[in-house]
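Here's the structure we're looking at; comments come further down.
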Amino acid sequence: QVQVVESGGGLVQHGGSLRLSCTASGTIFSINGMGWYRQAPGLQRELVAAITSGGRTNYADSVKGRFTISRDNAKNTVYLEMNGLKPEDTAVYYCNAEIRYTSGNDYFFSYWGQGTQVTVSS
C-alpha cells in the first residue's frame, strides 16, 4: 500500500552538488520522521540526516555544513541538498519514512525506498 521512491542520484565531481528527493505515497494518514541514510561498500548503513514533521533536523557530523535536509509535508516529500561533495560521500542513499495509516491509534511503521546511487569522483 505504501511506496517510497527516491530520485536525484548520479555521478558528480569532487566539490559538486546534487539534490535528492523522496516521495511517499499510498495509504497515509500522517508521516512523522523522514530521513536519509547511506551505505557504502563494506560499511554499515548510517544516518545522514533526519527531519521531524515539525521541521526539526539532525545531521551526521561528517555532513554538517555541507548537506541540508528539508521537507514538504503537503507533498509527503523530503529533500537532501548535497554540496561540497567528497569521494567519501559515495554510497547508495536510502530514504526512510515513519508512516501512520489511520487516526485510530498512534502506531507508526518504517518504510524504505529502493535507494539511489551517488558517486563522487576525485
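Quick notes on this structure:
- Dipole of the chain, positive end: most advanced residue of His14, Ala40, Val118 [Cβ charges, Cα centre]: His14
- Computed on protein heavy atoms with a 1.4 Å probe, the accessible areas place Asp106, Asp89, Asp72 in the order Asp106, Asp72, Asp89, largest first.
- Total charge dipole magnitude, the chain, about the Cα centre, Cβ charges on Lys, Arg, Asp, Glu only, Debye to nearest 20: 120 debye
- Segment Phe109-Leu47, length gained on full extension (0.36 nm per residue, minus Cα span): 20.6 nm
- Share of carbon and sulfur in the accessible heavy-atom surface of the chain [1.4 Å probe, %]: 47 percent
- Annotation: Ser70 carries an accessible surface of approximately 50 Å², with a 1.4 Å probe and no ligand, DNA or RNA atoms counted.
- Dividing the convex hull volume of the alpha-carbon atoms in segment 61-122 by its residue count gives 110 Å³ per residue.
- Within segment 17-122, the chymotrypsin sites (Phe, Trp or Tyr not before Pro) that combine a DSSP coil assignment with at most 16 other C-beta atoms in a 10 angstrom radius are Phe29, Tyr101, Tyr107, Phe108.
- Full-stretch length increase - Gln1, Lys86 - with 0.36 nm per residue and alpha-carbon distance subtracted: 26.9 nm
- Using the 1.4 Å probe convention, the accessible area of the chain works out to 53 Å² per residue with neighbouring protein chains retained.
- DSSP beta bridges confined to the chain are antiparallel in about 90 percent of cases.
- Dipole check for segment 35-106: with +1 at the C-beta of Lys and Arg, -1 at the C-beta of Asp and Glu, and the Cα centre as origin, the magnitude is about 80 Debye.
- Equivalent ellipsoid semi-axes, the chain, via Cα gyration tensor eigenvalues times 5, rooted, Å: 27, 14, 12
The values are calculated or read from the model by the stated rules, or taken from the named source; none is laboratory data. Computed from a prediction, not measured in an experiment: that's the story for all the values here. Backbone-built Cβ (ideal geometry, glycine too); neighbour counts: all protein chains shown. To get the accessible areas, we keep the full protein, side chains included, count just its heavy atoms, and leave off ligands, DNA and RNA. Shrake-Rupley method; radii C 1.70, N 1.55, O 1.52, S 1.80 Å.
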